[in-house]
1. Take Thr84 and decide whether it is of a type in the set (Ser, Thr, Tyr) and at pLDDT below 95.
2. Please find, among Glu80, Glu96, the residue that is over 26 Å from the mean Cα position of the chain (by Cα), more than 30 Å from Gln414 (Cα to Cα) and touching a residue at least 40 places away in the same chain (Cβ under 8 Å).
3. Tell me which of these Ser248 doesn't satisfy, since it passes every other one: (1) touching a helix residue (DSSP H, G or I) at 6+ places or on another chain (Cβ under 6 Å); (2) over 25 Å from Thr146 (Cα atoms); (3) not in a helix (DSSP H, G or I).
4. For the stretch 99-124, name all the residues that are among the charged types (D, E, K, R), surrounded by fewer than 15 Cβ atoms within 10 Å (Cβ to Cβ) and over 26 Å from the mean Cα position of the chain (by Cα).
5. Listed residues Leu101, Leu183, Leu93; which is farther than 30 Å from Glu35 by Cβ and not polar (S, T, N, Q)?
6. Have a look at Asp229, Asp225 and point out the one that is surrounded by 15 or more Cβ atoms within 10 Å (Cβ to Cβ), within 14 Å of the ligand (Cβ to nearest atom) and at pLDDT below 95.
7. Looking at the stretch 185-197, which of its residues are near the ligand (Cβ under 9 Å from one of its atoms) and in contact with an Asp or Glu (Cβ under 8 Å, 6 or more places away or on another chain)?
Amino acid sequence: MGKITQLLSHPSELRAVVQLMYFRQPLHQTSKQSESLQRCYYLLNQTSRSFAAVIKELHPEIKDVVTLFYLVLRALDTIEDDMTIDPSIKVPLLREFVDKLNEKAWTFNGNGPDEKDRIVLVEFDQILTEYHKLKPEYQDIIKDITKKMGNGMADYILDDNFNLNGVETIADFDLYCHYVAGLVGEGLTKLMVLAKFSDNSLAEDGFKRSNSMGLFLQKTNIIRDYHEDLEDGRSFWPKEVWSKYTDSLPSFHKDTSPESEFQGLSCLNELVLNSLGHVKEVLEYLSLVKDPSSFNFCAIPQVMAIATLATVYNNPKVFHSVVKIRKGTTCDLILRSRTLPGVISIFREYIQVINHKSNVKDPNYLKIGIKCGEIEQFIELMYPSIAYPKGVTKAQHPITKIVAARAKIDNDIQRIINDETFSTYALFGGILLVLVGALTITFG
Ligand code: D9A
C-alpha cells in the first residue's frame, strides 16, 4: 500500500501528522549559537533525524549538554561499530577515548570510508570546543560515562569469540546492553537530577530504573534488527536463549519450513518476554521526570519501543527484513506521549496487542500471559480505571503521591494539546467547507 493510501485509511493518524507538522507549540525558544555549536547541531541532524528533533526541544539548561553527550556517545559507537578497524587499534582507542575529552582539538580519520557517522570523529574538534564550555559538573558526568562505556565496549571486543558467536548468556546480554545503553540512561539521569528536572530518587536506586530505560530500548532494537545484524556479520541474540530452539541462529532466516518458523517465533517471543521485564521500571522512571521537555525526551523513545515490540512479537517477517512502525503511528504516539496518562494508555494498549497475538502452542505462552497481566495490574495501580483492589487503599500506595505531583504538570500540557487539536480540526473544517462549496458550484 502507498504511503498516502495508508495514511488516508487511518484518519486519526492523518490528524496526528498534520497537528505535529503545523500546529505543535514549541516549549522553548532557541538562542544565538556560536559557529562550532551550529556545527554540532548539524552533526546531530546528520546522525539522528528524528531523535534530533526531540533533543532540540529540550529546556535550554540541558539542550546543549545532551546534544554534546549524544555526539560523544555517537563517536564512541562509531569506533566500536567499524569492522574495518583492527582490534589492536580499536581496543586501546576505546579505552583511551575518555582522555580525548581533555584535549582541545583531537580528531580521528581512521574510520572506513563507508562508516555512516564517520563525520562525527572527523569533526570531533568542534564537539570538544563546545564540550569545554559546559559547566564542570556536566563535563564530569559525560566524562565518567564515556570512561565506563569505552572500557565496557573494549571488554566485549577483547573476547575473541564475541563477533563469531555473539552474546553467550542472558547475563552477558544484560551486561553488554548495560555498557552501550544502560550507562546512557545513568548519565542522562545524573544530568536531569543536577538540573532539578528529575526526582532525586532516580539517583538513589543504584540507577536500576535508569538502566532499565536503556535496556528496554536496546533489547527491542536487537530483537528487531535480527536480519540486518546477521547480514553485517554479527548478532546480539543471546545463545543461552536461541540454543533452545536451533543449533545455528541464521537457520531462522535460511530454513523456511513451518517447523523452523515455529522455533524461530518461540525464540523471538522469549526475547520479547525478557524485554517486557523492564516495563514496570520504565513507567516508574517516567513518572519521576518533572520537567515537561525532559519528560517528552524520555517518553518518546520508550513508547516507540513498546510499539515496535508489539509489532515484532510473533511476527515471522523479523527473520527476513526490518519490521518498522508506520510514520502516522509514530506521529500519533509522539503527540500522545506528552503526558503521563497518555504514555500509560499507550503502554496499556500495546500490552493488550501482545497478549492477543499470543499463540497457545508457544512454550512461553503462560509466562507471557502472566507478564502482561502483571504490567496491566501495575498500570491499573498507577491509573485505576475502576476501584482499587481489596485490601489496598489508594492513599496507602506510594505511587499515589508521585502521580498526584504529576497531575498539575499534565494539566498544563493537556491545555496546550487541546489548543493544537482545535486548530487542526478548524483547518480540516475549513478545507471541507471549501470542498463542499466547490462541488456545489460545479455540480449544483
Ligand atoms: C538515547 Cl543521549 C540514546 N539511544 C536511543 C535514543 O534514546 C535514548 C542515545 C543517546 C542518548 C539517549 C534515551 C533518550 C531519553 C532518555 C534516556 C535514553 O534514558 C534516560 O537512553 C536510555 O535509542 C541509544 C541507546 C538505546 C543505545 C541508549 C532514541 C533514539 N532513537 C532512534 C530511533 C531509531 O530508530 O534508532 O535514538 C532515532 O531517532 O534515531
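The values are calculated or read from the model by the stated rules, or taken from the named source; none is laboratory data. This structure is a prediction, so every number in the text was calculated from the model and none was measured. Quick reminder, even Gly has a Cβ in these numbers, built from the backbone with ideal geometry, and neighbours come from all protein chains shown.
1. Working: of a type in the set (Ser, Thr, Tyr): yes; at pLDDT below 95: yes.
The answer is yes for Thr84.
2. Result: Glu96 is the single residue among Glu80, Glu96 that is over 26 Å from the mean Cα position of the chain (by Cα), more than 30 Å from Gln414 (Cα to Cα) and touching a residue at least 40 places away in the same chain (Cβ under 8 Å).
3. For Ser248, the exception is condition (1).
4. If the condition is that a residue be among the charged types (D, E, K, R), surrounded by fewer than 15 Cβ atoms within 10 Å (Cβ to Cβ) and over 26 Å from the mean Cα position of the chain (by Cα), then Asp99, Glu103, Lys104 are the ones that fit.
5. Leu183 is the lone residue from the list that is farther than 30 Å from Glu35 by Cβ and not polar (S, T, N, Q).
6. Numbers: Asp225 fails: at pLDDT below 95.
Of the residues listed, the single one that is surrounded by 15 or more Cβ atoms within 10 Å (Cβ to Cβ), within 14 Å of the ligand (Cβ to nearest atom) and at pLDDT below 95 is Asp229.
7. Correct list: Gly187, Met192.
This table checks each residue for (1) touching an Asp or Glu at 6+ places or on another chain (Cβ under 8 Å); (2) within 23 Å of Met382 (Cβ to Cβ); (3) at pLDDT 95 or above; (4) aromatic (Phe, Trp, Tyr).
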site: Glu281; (1), (2), (3), (4): no, yes, yes, no
site: Thr311; (1), (2), (3), (4): no, no, yes, no
site: Leu333; (1), (2), (3), (4): no, yes, yes, no
site: Val360; (1), (2), (3), (4): no, no, yes, no
site: Asn364; (1), (2), (3), (4): yes, no, yes, no
site: Ile370; (1), (2), (3), (4): no, yes, yes, no
